[in-house]
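Every read-out reported here was derived from the displayed coordinates using simple, explicitly stated rules and does not represent laboratory data. These numbers come from a predicted model, not from an experiment. Cβ sites come from the backbone with ideal geometry, for glycine too, and all protein chains shown count toward neighbours.
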Amino acid sequence: MKPARWSLTARLTALYTLVASLVMAGLGVLVSVAVNRHFIELDRDYLADKIRLVQQIAGEAPSAPVLADRLDAVLASHQGLFIELRHGDVPVYGAEAAVFANAPALPGPDQDPLDWPVGERTLRGQAASTPAPAALGGGHTLQLRIALDTVHHSHFMGALHRSLALYLLGALLVSGLLGWWAARRGLQPLRLMKERASAVTAQKLDQRMPVAAVPVEFADLAASLNAMLARLQDDVERLQAFSSDLAHELRTPINNLLTQTQVSLAQPRTPREYQEILASNAEEFQRLARMVSDMLFLAKTEHGLELPRRERIDLREAVQSLFDFYDAVAEERQIGLALRGEASVTGDRLMARRAVSNLLSNALRHAPAGSTVAVELSADHDAVCLCVVNGGPGIDAALLPRLFDRFFRADKSRQHGEAEGTGLGLSITQAIMAAHGGRVTVQSAPGRTVFCLLFPADTAS
Amino acid sequence: MKILIVEDEPKAGDYLRQGLREAGFTVELVHNGVDGLHLALGGDHDLLILDVMLPGLDGWSILRRLRAQGRTVPVLFLTARDAVEDRVQGLELGADDYLVKPFSFAELLARVRTILRRGRSTLEATSIRVADLELDLLRRRVTRAGRRIDLTAKEFGLLELLMRRHGEVLPRSLIASQVWDVNFDSDTNVIEVAMRRLRAKVDDGFETRLIQTVRGMGYVLEAPEGPR
C-alpha cells in the first residue's frame, strides 16, 4: 500500500485542526464536569436546608396528623422533593411515594448526596435522623430520607452539551480555514524558492536562492541548493570549456587531413606518393581514434563509474611490469628506472596500471638524459602512496593547477607528433584515482618533479 | 576461409569486405540482421563479423538464435558503444571477440586471424623458422644464419610473436597487449623503440631485412620473397 501523498498545506491544516479540536473538546469536558459539580453542591445545600426544615417541623409538630400536614405543605411548595420518615421499620410518613424502595444506603448531610434511578427519573438523596416529636411519644429518633428529582439538571446539561458540540463544530471549521490560510502563508517562502528554481536553466545557472530572505528553517535548504547550483554551474562551465577544447582539438587534425587529401587529389601522383599520403593519414586517424576513446573513457570514469573489478593489486609488481614496458625507451634516453618500497591496494588492475603508466610516460618524456626516474611506494595509516619522481627543469608553478585539465599541455610549442599523447593522460589518471576514492597530487621545483597517486587507506590490503 | 560480414553502414561494410578479400578470405556482406541470420544459418562460414546495431535484427539476437540452433561458428562483434555491460552480454552469449569502433583494420585482421587459428592447434612447435632466422622455443635461443643473437626476455617475447604470426601486419596495440600485457592506450613510442632495438639485433649486418614497418598499420616479419 502506497501512503497517500498529502500536500504540505493539507498536512499542516489537518494537524492544526486536530490540535484545535483536541483542545476544544478538552475544554468542553472540563466545562460540563464543572457544571455538574456545581449542581451537586447546589443540591447538597438545598437538601441540607430541607433536612433542617423537616427536623424543625418534626420538633415542633404537636401531633402526627399535624406533622403529616405540615410536611405535605412543604412538599407541595417544593416541586420534585420527596421525604420519608421511619421509626425503625415502621413507616411514619411518606412511605406511599415508594421512591425510596430501591434507594442505596444514603449518605449523611455532611457528605455529597447519592443518585439512583427511579423509573425514568434520577433521584438524588441524603439521609438524616431527627428526634421524634413529643406528640409521638418522644425520646427516640426517627430516620429521615430526603430526595430530589434531578430532571431539571439533565435538561440543562443536555442543552449545554448540544451548544458545546455546535460550538466545537463551528470552531473546527474556522480553525481548519485559519490553519489552511496560515500554512499557505507560512509556506510562501517555499513558493518563492520554487519560482527561483524554475528560473534556473542551463543558460541561466547564476540564479541563486535568497538565503537571507527565507525563514531560518529554510536557510539551510536554500544554502544546500545554492551549493548544488554552484557545483552544477561549475560542471556545466567545465563541460562547455571541454566541448570547445574538443572542437578545437579535433579541428586541427581534421584540417590537416582534409588539406593533405585535397592537395594530393589535385594532380596525379606516383603510387609511392599515394602510399605515403595514406600512411600519414592513417597515423593521424589513429591519433583521432585514440583521442575519442580516451575521451569516452574519461566521460565514463567521471560519471562516477563503479569500478568494474576490484582485486588486490601488488603495486610493486605492477610498476615492475610497466618498467619492463618502458625499459627500452628509458635505456635509449639514458634514463635509469628505480623502484623503492612496497605497497598494495585493492582496485581495478587495468585502470591502476593505466594511471601509473601515464605518470611514467610523462616522467620519461621530461627527465634529462643521465638522470633516474624513481617510483617510491609507501603506506601509512591514511593513504597508500605511489610517487613518481623525475629530474628536469620542473613545471612552472603557475601552470600546476591547470595540469590536470583536459588537453592542457605545459609545452605549447611542441608539435603533436604521432608519439605525442592526446593531452588527456593526466586527466585520465586523475579520473581513475577519483574512481578509486583517491587523488593525484603534484609538486614541482627545478630539478625535481613529483607526481603522487594517493589511494585511500581502506583500499590497502 | 569464408567470412560473413553483417554491417549496415555501407561504406564500412565495403571496406571491410575489400580488406578481408585482399587478405585472402572469401567474404560475403549483407546489410541487415534478417538477411544476416538467414545466410548464417544456411552457410558454412568460418567466422561471422556482426555489427551490434543492425536494422531488423540486432547482432545479439542473431548470435542468440544461431547458438539456439546449435551453431558454434565463431563470432566477432563490432560496436560503436563501449559499455561494460555490452561486453559482458556479448561474451555471455558466446561471442569470441569484441572490437569497439573506431578500430584499426590491422587490429581487426589480427583478431580475425587469432580467432580462426583457435581450435586448430597443430602440434606445438619447438622451434619457428622464417628464412634464415630460427627461434628455439625450448632453449629460448635465437640464431640467424647460424649466428647466435642475444635477446632480453621481452625482446624474445616480441620476436616470438612476430615469428608466430609472420606475414601478418601486427598493430602496435596488439603488440603492447600480447607482449607487455598493456591493454590500454599508451605511449606508442614505446613500441617503436622496442622494435627498433629488436631490429638492430636481428637485421643489422644481414642483407635482407625481415622486420618491416608498415606505416600507419604496424609491423610485420616476413621473408622478402614470402607471400604477403
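Placing +1 at every Lys and Arg Cβ and -1 at every Asp and Glu Cβ, with all other atoms neutral, what dipole size does chain A have around its Cα centre, in debye to the nearest 20? Can you show the working numbers first?
Numbers: 45 positive and 49 negative charges, 248 e Å.
The dipole of chain A has a size of about 1180 debye.
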Let me confirm one metric for peptide A:321-334, namely the mean number of other chain beta-carbon atoms within 10 Å of its residues' beta-carbons.
5
Other chains' Cβ within 10 Å of A:355-365 residues: what's the mean?
2
Can you classify the range A:261-408 as rounded, prolate or oblate using the Cα gyration tensor, where a ≥ b ≥ c are the square roots of its eigenvalues, rounded means a/c under 1.5, and otherwise it's prolate if a/b beats b/c and oblate if not?
prolate
Among A:N362, A:P117, A:A279, which residue has its Cα furthest toward the positive end of the charge dipole of chain A, with +1 on Lys/Arg Cβ and -1 on Asp/Glu Cβ?
A:A279
Could you grab the relative contact order for chain A? Cα pairs under 8 Å, six or more apart, rounded to a whole percent.
11 percent
Would any residue of the range B:188-222 have its amide N under 12 Å from a label point 7 Å out along Cα→Cβ of B:R147? List them or say none.
B:201-208
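Take the Cα gyration tensor of the range A:192-348, multiply each eigenvalue by 5, square-root it, and list the three semi-axes largest first, rounded to whole angstrom. Before the final figure, lay out each step's value.
Numbers: eigenvalues 437, 209, 28 Å².
So the equivalent ellipsoid measures 47, 32, 12 Å along its semi-axes.
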Binned at 10 Å from 0, what are the whole-percent values of the Cα-Cα distance distribution for the range B:127-221, short to long?
15, 54, 27, 3
Please give the per residue volume of the convex hull enclosing the alpha carbon atoms of the protein assembly as shown, rounded to a whole number of Å³.
344 Å³
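Of all the C-alpha pairs in the range B:2-117, what % are more than 23 Å from each other?
Details: 1194 of 6670 pairs.
That tail contains 18 percent of the Cα-Cα pairs.
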Top positive-direction residue, dipole computed over the protein assembly as shown with Cβ charges, set A:F218, B:Q18, A:A379:
B:Q18
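For n ≥ 4 DSSP H runs only, could you compute -39500 (n - 2.57) per run for chain B, divide by its residues and tell me the 222 nm figure to the nearest 500?
On the way: 8 runs with 92 residues, N = 228.
The helix contribution divided over chain B gives -12500 deg cm²/dmol.
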How large is the Kirkwood hydrodynamic radius of the range B:168-228, counting all unique pairs of alpha carbons, in Å?
12.3 Å
With N set to the residue count of the range A:1-60, report its C-alpha Rg divided by 2.2 N^0.38 Å to two decimal places.
2.44
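Run the dipole for the range A:13-93 about the Cα centre, Lys and Arg Cβ at +1, Asp and Glu Cβ at -1, nothing else charged, and hand back the magnitude in debye, nearest 20. Before the final figure, lay out each step's value.
Numbers: 6 positive and 9 negative charges, 51 e Å.
Around 240 debye, computed over the range A:13-93.
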Charge dipole magnitude, Cβ of K and R +1, D and E -1 - the range A:216-300, Cα centre, debye nearest 20:
480 debye
Output the Cα-based Rg and Dmax of the range A:209-263 in Å, rounding Rg to one decimal and Dmax to a whole number.
21.7, 70
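Across every pair of different alpha-carbon atoms, what Kirkwood hydrodynamic radius in Å does chain B reach? Please list the in-between numbers first.
Numbers: mean 1/r = 0.0523 Å⁻¹.
When all Cα pairs of chain B are included, the Kirkwood radius is 19.1 Å.
Listing A:E332, B:E160 from the residue with the fewest other Cβ atoms within 10 Å to the one with the most, what is the order? Walk me through the numbers on the way to the answer.
On the way: A:E332 15, B:E160 18.
So the residues, fewest neighbours to most, are A:E332, B:E160.
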If one compares the long axis through the Cα atoms of helix A:188-199 with the longest principal axis of the Cα atoms of chain A, the angle in degrees, nearest 10, works out at 20 degrees
Out of A:G170, A:A48, A:T141, whose Cα points farthest toward the positive end of the dipole of the range A:8-173 (charges: +1 Lys, Arg; -1 Asp, Glu; placed on Cβ)?
A:G170
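Take the eigenvalues of the Cα gyration tensor for the range A:220-299, scale each by 5, and report the square roots as semi-axes in whole Å, largest first. Don't skip to the answer; put the middle values down first.
Working: eigenvalues 405, 29, 4 Å².
In descending order the semi-axes read 45, 12, 5 Å.
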Take each of the peptides A:228-236, A:8-16, average the number of other beta-carbon atoms within 10 Å over its residues, and list them starting from the highest.
A:8-16, A:228-236
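Quick one: which of A:423-432, A:382-391, B:1-10 comes out on top by average Cβ neighbours within 10 Å, and what's the full order, highest first? Let's see the in-between values first.
Details: A:423-432: 22.9, A:382-391: 20.7, B:1-10: 18.7.
Taking the mean over residues of other Cβ atoms within 10 Å, the ranking is A:423-432, A:382-391, B:1-10.
With the alpha-carbon atoms as the only input, what is the per residue convex hull volume for the range A:30-174 in Å³?
Values: hull volume 16.2 nm³, N = 145.
In the range A:30-174, the Cα convex hull volume per residue is 112 Å³.
Per DSSP helix of 4 or more residues, -39500 (n - 2.57); summed, then divided by the residues of chain A. What does that give at 222 nm, rounded to the nearest 500?
-19000 deg cm²/dmol
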